[in-house]
Amino acid sequence: MSSISIRPPKVYTSEESNCIPPNDFIIGTWHVTHSTLPLWKDKRNVNITYELLPADSAGVQKLDDLVQYQAVNSEKIKIVHGVDTPTPGNPGAWDWRGKGWLMIASSHWECLGFGHTDDENRWIVTYFAKTIFTPAGIDIYSRNKEGLTQSIVDQILSALKGLGVKDMTDLANSVFQVPQN
């Protein structure tokens, strides 16, 4: 595997993003194996499924965004459903809006890095901007439910710390594992 490349969120740089996962890379189901977001602290089996929606009249390609998870001590599967719209002027970033009763909720997320391991497991590092409900945070996604090797996770965290942005270093230092079983 080549070295891991991570970029800072747009809020910390004026450089154009080179972290734009192609649609065929991002669509499908991802397992959230590591996070800094407090909402995942007492959750397990967190996964996100992205599906391409038909382009709208302006040609904008949105994503259907379905999050499923369980509380650590529950068998009940909970669902959060929304739509991701590409953020104008920020390739590799999306603005999420909830569906149904969550229509009032919105957030902004960006891909900071993506790739695949030697065993062809794919990964994505996402950054979530602060909202009225949650602090800014980082998630590490894996195609495989088993997640990434500790070596790969360590390389991702090292790359985040290597950005030289205090907020990103602080987030990298607070990453925890999300149970998958």
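Structure values in brief
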read-out: The stretch 87-135: number of residues that are at pLDDT below 90, assigned to a loop (DSSP other than H, G, I, E, B) and open to solvent by 30 Å² or more (accessible area, probe 1.4 Å); value: 9
read-out: Candidate set from the stretch 1-56 (those that are aromatic (F, W, Y) and over 12 Å from the mean Cα position of the chain (by Cα)); member that is modelled with the highest pLDDT; value: W40
read-out: Whichever residue in the stretch 48-72 is polar (S, T, N, Q), open to solvent by 30 Å² or more (accessible area, probe 1.4 Å) and free of Cβ contacts under 8 Å to residues at least 24 places away in the same chain and, among such residues, is nearest to L148 (Cα to Cα); value: Q68
read-out: Which numbered condition K161 misses (of (1) open to solvent by 60 Å² or more (accessible area, probe 1.4 Å); (2) under 21 Å from T49 (Cα atoms); (3) basic (K, R)); value: (2)
read-out: Pair list, Cβ < 7 Å and 6+ apart or interchain, from the stretch 1-28 residues that are closer than 17 Å to M168 by Cα to residues that are modelled with pLDDT under 85 and open to solvent by 30 Å² or more (accessible area, probe 1.4 Å); value: R7/N18
read-out: Failed condition for N173, given (1) among the polar types (S, T, N, Q); (2) modelled with pLDDT under 95; (3) within 10 Å of T36 (Cβ to Cβ); value: (2)
read-out: Answer residue from the stretch 136-151, given it is touching a Phe, Trp or Tyr at 6+ places or on another chain (Cβ under 7 Å) and either open to solvent by 30 Å² or more (accessible area, probe 1.4 Å) or of a type in the set (A, V, I, L, M) (or both) and is farthest from S35 (Cα to Cα) among those; value: R143
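The values are calculated or read from the model by the stated rules, or taken from the named source; none is laboratory data. Not measured: the values here are computed from a predicted model. In this analysis, Cβ positions are derived from the backbone assuming ideal geometry, glycine residues included, and neighbour counts consider all displayed protein chains. Just the protein is used for accessible areas: all its heavy atoms, side chains included, with ligands, DNA and RNA removed. Shrake-Rupley method; radii C 1.70, N 1.55, O 1.52, S 1.80 Å.
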